[in-house]
Amino acid sequence: MSSSSSRGADGPEPRTSLDERHRSHPRERAVSDFTDLSRQITDAGLMRRRYGLYWSRFALLAALLAGVVVAFVRLGPSWWQLLVAASLAVVLGQVMFLGHDAAHRQIFRSGRWNDWASLVIGDLVAGVSYGWWQHKHSRHHGKPNQVDADPDIVTGVLVFQTLDGPVQRTGLRGWLTARQGWLFFPLLLLEGLNLHVSGVKTIFGRGPVKRRPVEIVFITVRLGGYLALVFWLLPPFMALAFLAVQLAVFGLYMGAVFAPNHKGMPIVPRDGRPDFLRRQVLTSRNVRGGRWMAAFMGGLNYQVEHHLFPSMPSGNLHRARAVVRQFCAEHGVPYTETTLLRSYGIVVRYLNRVGLASRDPFECPIVQELRVSR
């Protein structure tokens with residue numbers, strides 16, 4: 001694993017009653033640590049809204065979507081449409097990043113405005129249920145990489161952790177699980193379809209959705225209108241190919257952005273109770289690459305900072321990185337960064353280890369230090 005971790009030793013502490021109390025109550029001190037960091041972030045103005053940035057992104061994405069639609073209509077029945085499909089997938093990925101920011105209350109001061117922006121962006125433009133995604137994503141942010149708490153590591157097609165012991169599978173499923181690291185990225189080609197299907201099942205079922213009637217209307221208009229346009233303009237086989245490419249590239253893009261953030265980082269046992277700062281920092285990984293990487297990943301390459309301050313505008317995360325990194329070094333909290341390609345290698349190797357039923361899938365510094373008996 002090629003990554004950098006910032007560790008620092010605290011200097012001599014003054015012998016005051018407050019410091020003595022912190023020594024005897026580690027959790028109080030941990031809360032104080034995050035309060036200190038939060039104060040530094042606020043004083044630096046990093047929680048301020050970035051209206052100009054977001055309105056520019058709205059305008060740019062609207063223009064790109066319009067350009068894709070124009071290209072689609074003007075090309076007509078042509079196999080060049082597959083390039084249009086791939087381009088549409090990338091633009092919709094960027095749309096999802098914008099919806100992600102709105103869902104985290106990063107864009108507007110008003111929660112209502114952010115909710116409606118997320119509904120329009122997610123349901124009406126991207127065709128993915130905001131209500132379904134918000135419920136799932138909020139649980140992830142609350143307890144990332146924690147067994148039985150984070151929905152992103154629930155065992156399904158893939159096995160993400162074996163803290164409770166190896167998952168025994170036989171036959172085809174056993175063969176796939178043993179090789180799941182190598183199969184991870186090919187399987188992401190199906191993730192676009194899964195995002196749409198999961199959202200539709202939730203809003204038309206009994207899942208937790210706040211504005212169900214609105215979502216039903218938006219999703220029906222978006223998916224119905226999209227399918228009608230594609231099959232109206234293209235022959236059936238070409239239309240199916242267009243949809244397959246668009247969904248495959250969309251799913252691969254989303255998975256390629258989200259996978260480096262937590263996969264292969266420490267797993268928190270179900271009875272673990274780390275403090276907020278260490279929970280978020282120790283289970284998150286940043287991806288190096290500067291401005292271009294931030295554009296590709298929608299700012300989610302600064303995953304540590306995003307998890308610590310989820311309502312911070314994504315355009316400020318690169319400035320927050322320097323503050324958080326230094327703070328972690330001073331307080332001896334491991335801060336992990338690596339390159340995008342190396343992060344993919346970590347993810348593949350980790351999933352292969354788990355798939356092979358390793359009882360210790362990843363050396364976890366918080367399992368021993370922060371486990372609290374029930």
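Read-outs throughout are calculated quantities, based only on the coordinates presented, and are distinct from any laboratory measurement. Remember, it's a predicted structure, so these values are computed and weren't measured experimentally. Cβ placement follows ideal geometry from the backbone for every residue including glycine, while neighbour counts extend to all protein chains displayed.
Couple of notes before you dig in:
- Residue-wise HN-Hα coupling along the range 284-296, computed from phi with Karplus coefficients 6.51, -1.76, 1.60 (Hz; x: Gly, Pro): 10, 10, 8, 10, 6, x, x, 4, 5, 5, 4, 5, 5
- Cross-link pairs 136/263; 201/263; 143/263 - those with Cα-Cα distance over 23 Å: 201/263
- Footprinting exposure proxy ranking of 115, 123, fewest other C-beta atoms within 10 angstrom first, gives 115, 123.
- Residues 215, 337, 330, sorted so that the one with the fewest Cβ neighbours within 10 Å comes first: 330, 337, 215
- Whole-Hz ³J(HN,Hα) from phi, Karplus 6.51 cos²θ - 1.76 cosθ + 1.60, for the range 131-145, glycine and proline x: x, 4, 5, 4, 4, 5, 6, 5, 5, 5, 5, x, 9, x, 6
- Close amide H pairs (under 5 Å, H built 1.01 Å from N) link residue 268 with 146, 147, residues at least 5 positions away or on another chain.
- Most tightly packed first, judged by the mean number of other beta-carbon atoms within 10 Å of their residues, the peptides 40-48, 267-275 read 267-275, 40-48.
- Put a dot 7 Å past the Cα of residue 178, heading toward its Cβ, do the same for residue 233, and the two dots end up 4.7 nm apart.
- Residue among 106, 168, 81 with the largest mean-square fluctuation in a Gaussian network model of the chain, springs linking Cα atoms under 10 Å: 168
- Which of 283, 220 has the fewest Cβ neighbours within 10 Å, and the rest in rising order: 220, 283
- Helix 236-262 and the longest principal axis of the C-alpha atoms of the chain enclose an angle of approximately 10°.
- Globularity index of the chain, i.e. its alpha-carbon radius of gyration over 2.2 N^0.38 Å: 1.06
- Stretching the chain fully between residue 59 and residue 240 yields a gain of 62.1 nm (0.36 nm per residue, less the alpha carbon separation).
- Rounded to the nearest whole Hz, the Karplus-based 3J(HN,Hα) values (6.51 cos²θ - 1.76 cosθ + 1.60, θ = phi - 60°) of the range 56-72 follow the sequence 5, 5, 4, 5, 5, 5, 4, 5, 5, 5, 4, x, 5, 5, 4, 4, 4, with x at glycine and proline.
- Nearest 10 degrees, 0 to 90: helix 340-355 Cα axis against the chain principal axis: 80
- Along each principal axis, Cα extent of the range 118-204, largest first, Å: 42, 27, 22
- Across the range 179-259, counting alpha-carbon atoms alone, Rg and Dmax equal 14.9, 42 Å.
- Degrees separating the helix 26-43 axis from the principal Cα axis of the chain, which is the longest one: 60
- Among 310, 144, 186, residue whose mean-square fluctuation peaks in a GNM of the chain (springs only between Cα atoms under 10 Å): 186
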